[in-house]
Protein chains: 2
Amino acid sequence: MPVLISPSLDEARKELVVGLEARKLVVMVASCSVEYSGRTGSHLGEGERLVIVKGDGCILVHRGHDYQPVNWQPSGCIIQAHANDGTLVLKAVRPSPLESLTLVVKEIQFLGSFVLQDAAEFILHASEEEMQRAIILQPDMIEPGFKILDFEKKVPPGFVDVYGVDRDGNIVVIEIKKDPAGFPVIKQLLEYLKYLQAPPGRKLRPMIVAPSIAKGSQSTLAKSGIEFKQLTLQKAVEILQKYARSDQQALKSWL
Amino acid sequence: MPVLISPSLDEARKELVVGLEARKLVVMVASCSVEYSGRTGSHLGEGERLVIVKGDGCILVHRGHDYQPVNWQPSGCIIQAHANDGTLVLKAVRPSPLESLTLVVKEIQFLGSFVLQDAAEFILHASEEEMQRAIILQPDMIEPGFKILDFEKKVPPGFVDVYGVDRDGNIVVIEIKKDPAGFPVIKQLLEYLKYLQAPPGRKLRPMIVAPSIAKGSQSTLAKSGIEFKQLTLQKAVEILQKYARSDQQALKSWL
DNA sequence: GCCTAGGTCCCGTAT
DNA sequence: ATACGGGGCCTAGGC
């Protein structure tokens with residue numbers, strides 16, 4: 001875990017090269033200027049920043065404020081460090097789309113390189129997918145008698161989240177949102193409808209499943225003939241947990 | 001610029017509290033577990049990570065790989081550090097939407113706190129806005145005789161990027177994209193058209209200005225009656241530079 | 001490779 | 001405060 005305090009640029013370059021080679025995490029606090037060129041371009045004059053280089057070839061330049069890095073390059077870059085004219089030049093090139101990030105480092109306060117032991121799995125609960133799973137596991141939460149025919153069903157403009165049939169044989173076309181549903185969802189659903197047909201004598205029932213409807217979209221929804229079924233992430237998670245439990249019980253009763 | 005190597009949790013907590021108080025940048029390499037709860041929730045078991053806390057109240061937890069942080073909280077959070085049961089607990093609460101991030105730190109390899117001197121301005125070149133400016137500065141790059149009537153013109157579903165008239169008095173409705181234009185742009189433009197009318201005897205000419213058309217959208221575009229005018233970011237930047245130059249010349253000739 | 005959709009997206013701007 | 005669109009968005013999944 002080498003840590004250098006106010007190293008010379010050449011000491012830093014050596015440690016950086018070693019760190020890159022070993023695919024370590026290198027963290028640096030340094031005064032630098034930054035140029036980006038690729039899909040567009042950017043310029044940032046000299047100033048002190050936090051620079052992070054990761055083993056998978058991504059680089060982040062953070063200022064003293066803001067959530068997002070001011071400049072960066074995602075994973076999969078080729079990163080090189082050169083001495084140049086009394087400065088340390090860090091270059092990160094992304095092959096596709098071809099773009100490059102160049103840091104000219106003038107002075108380094110701190111440089112450390114680390115190997116992070118981290119085997120933990122990251123688990124994210126509750127997303128649109130969980131809502132979809134909840135509906136698929138327990139279709140009658142939409143309404144009694146509702147049956148799933150398909151999900152992620154392909155139509156030319158995209159994918160229908162859930163596609164099913166109600167107790168009267170009408171086709172139900174469901175678009176799921178985990179956030180309050182606004183105009184775009186309504187448009188998207190109406191677009192899908194153009195490519196779907198109900199059997200003779202039956203109807204198409206477009207339906208939005210979401211925690212709520214965005215304020216400004218209430219009236220549009222009413223006019224559009226789209227139904228709304230409330231489902232919060234929390235309720236979806238509860239359903240999934242209930243099923244996880246009953247799955248376990250089903251398993252136990254089998255043994 | 002205090003830097004602690006393998007500090008005790010209590011030493012680290014003290015330095016962290018001082019750093020937070022002073023709104024410094026605190027960087028930490030530590031073994032920790034992370035819980036997030038808010039719009040959704042997440043869990044990450046123990047492992048070594050890079051933790052960044054900035055003066056504006058944002059926090060980032062980075063693993064040894066990936067561009068994006070595994071957990072985070074954006075600016076404007078209330079961040080606190082407590083000792084708890086032989087661990088150091090870092091909590092970041094975001095008021096709206098209400099959500100919280102909790103790190104339980106077991107062991108610290110490194111902790112540094114920094115004040116970053118950074119007054120530089122960040123300049124990003126060439127975006128959709130640059131393309132719009134290029135068209136506005138030199139309307140006849142669209143076609144000879146084209147005149148601007150308005151831009152960012154409000155229609156119920158959104159804003160028309162550029163709104164103008166051709167040499168024959170037909171209304172040209174332009175939607176600009178910096179990336180290859182696909183289905184969504186076509187839909188958006190057609191949506192806008194519903195709320196626009198040409199003068200009697202004139203036509204509405206919907207037009208997409210973009211570097212290219214997405215492959216799958218070629219036929220849709222053809223059927224839709226929308227025209228396509230190629231403009232790359234690069235060409236837009238050239239036009240802007242030309243005008244910058246001629247502005248300077250105009251200025252010089254004035255003096 | 002391109003295209004589509006989702007994200008704890010974040011972020012600014014206008015309402 | 002909420003809604004809407006843009007982003008060097010990034011990232012994952014299909015084709």
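No value in this document is a laboratory result; all are computed from the given coordinates. Everything quoted here is computed from the prediction, not taken from an experiment. Because the Cβ atoms are built from the backbone with ideal geometry, glycine has one as well, and the counts that use them run over all protein chains shown.
Computed values, structure above
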| quantity | calculated |
| --- | --- |
| Share, in percent, of DSSP beta bridges within chain A that are antiparallel, nearest 5 | 85 |
| Percentage relative contact order, chain B, counting C-alpha pairs under 8 Å, at least six apart | 15 |
| For the range A:3-114, radius of gyration divided by Kirkwood radius, i.e. Rg to Rh on alpha-carbons | 0.93 |
| Choice from A:Y192, A:Y67, A:Y163 showing the highest fluctuation, given a GNM over chain A with Cα pairs closer than 10 Å | A:Y67 |
| Number of partner chain Cβ atoms within 10 Å, mean per residue of B:76-85 | 0 |
| Positive-end extreme of charge dipole, the protein assembly as shown - chosen from B:L240, B:A181, B:L116 (charges on Cβ) | B:A181 |
| Whichever aspartates and glutamates have a C-alpha closer than 14 Å to that of B:K203, once near sequence neighbours (fewer than 8 apart) are set aside | B:D166, B:D168, B:E227 |
| Shortest-first distances to equivalent copies, position A:F228, nm, label 7 Å out along Cβ | 3.8 |
| Debye, to nearest 20: dipole size of the range A:128-254, +1 on Lys, Arg Cβ, -1 on Asp, Glu Cβ | 200 |
| Label 7 Å beyond Cα on the Cβ vector: B:D10 copy-to-copy distances, nm | 4.5 |
| Column: log10 I(q)/I(0), Debye, Cα scatterers of the range A:103-185, q = 0.16, 0.22, 0.26 Å⁻¹ | -0.74, -1.13, -1.33 |
| Chain B - mean residue ellipticity at 222 nm from DSSP helices (-39,500 (n - 2.57) per run, n ≥ 4, rounded to 500) | -8000 deg cm²/dmol |
| Inter-copy spacing of A:F122 label points, which lie 7 Å from Cα along Cα→Cβ, given in nm from shortest upward | 2.0 |
| Distance in nm between pseudo-label sites at A:E143 and B:E21 (7 Å out along the Cβ direction from Cα) | 6.2 |
| Considering only the range B:128-254, percent of DSSP beta bridges that pair antiparallel, nearest 5 | 50 |
| Pairwise label distance in nanometres, A:R167 with B:F183, each label 7 Å out on the Cα-Cβ vector | 3.5 |
| Proximal lysines relative to A:K106, as straight alpha-carbon distance under 28 Å, when same-chain residues fewer than 8 apart are discounted | A:K14, A:K24, A:K54, A:K91, B:K24, B:K54 |
| Quarter of the Cα convex hull surface for the protein assembly as shown, i.e. its orientation-mean projected area (nm²) | 33.1 |
| Charged-residue dipole, Cβ positions (Lys, Arg, Asp, Glu), the protein assembly as shown about Cα centre, Debye nearest 20 | 1700 |
| Proxy reagent accessibility, fewest Cβ within 10 Å first, across A:M141, A:M207 | A:M141, A:M207 |
| Cα pair distances of the range A:128-254 binned at 10 Å [whole percent] | 13, 42, 33, 9, 3, 0 |
| Proximal charge balance of A:G145 [Cβ under 9 Å; K/R count +1, D/E count -1] | -2 |
| Ordering of B:70-80, A:104-114 by packing [mean C-beta count within 10 Å, highest first] | A:104-114, B:70-80 |
| Computed E for A:A83/A:A222 - FRET, C-beta separation, R0 56 angstrom, nearest 0.05 | 0.25 |
| DSSP bridge orientation in the protein assembly as shown - percent antiparallel, rounded to nearest 5 | 85 |
| For A:45-52, mean number of other protein chain Cβ atoms within 10 Å | 5 |
| Counted charge near B:Y192, where neighbours are those whose Cβ lies closer than 13 Å (Asp, Glu -1; Lys, Arg +1) | +1 |
| Total charge dipole magnitude, the range A:72-121, about the Cα centre, Cβ charges on Lys, Arg, Asp, Glu only, Debye to nearest 20 | 180 |
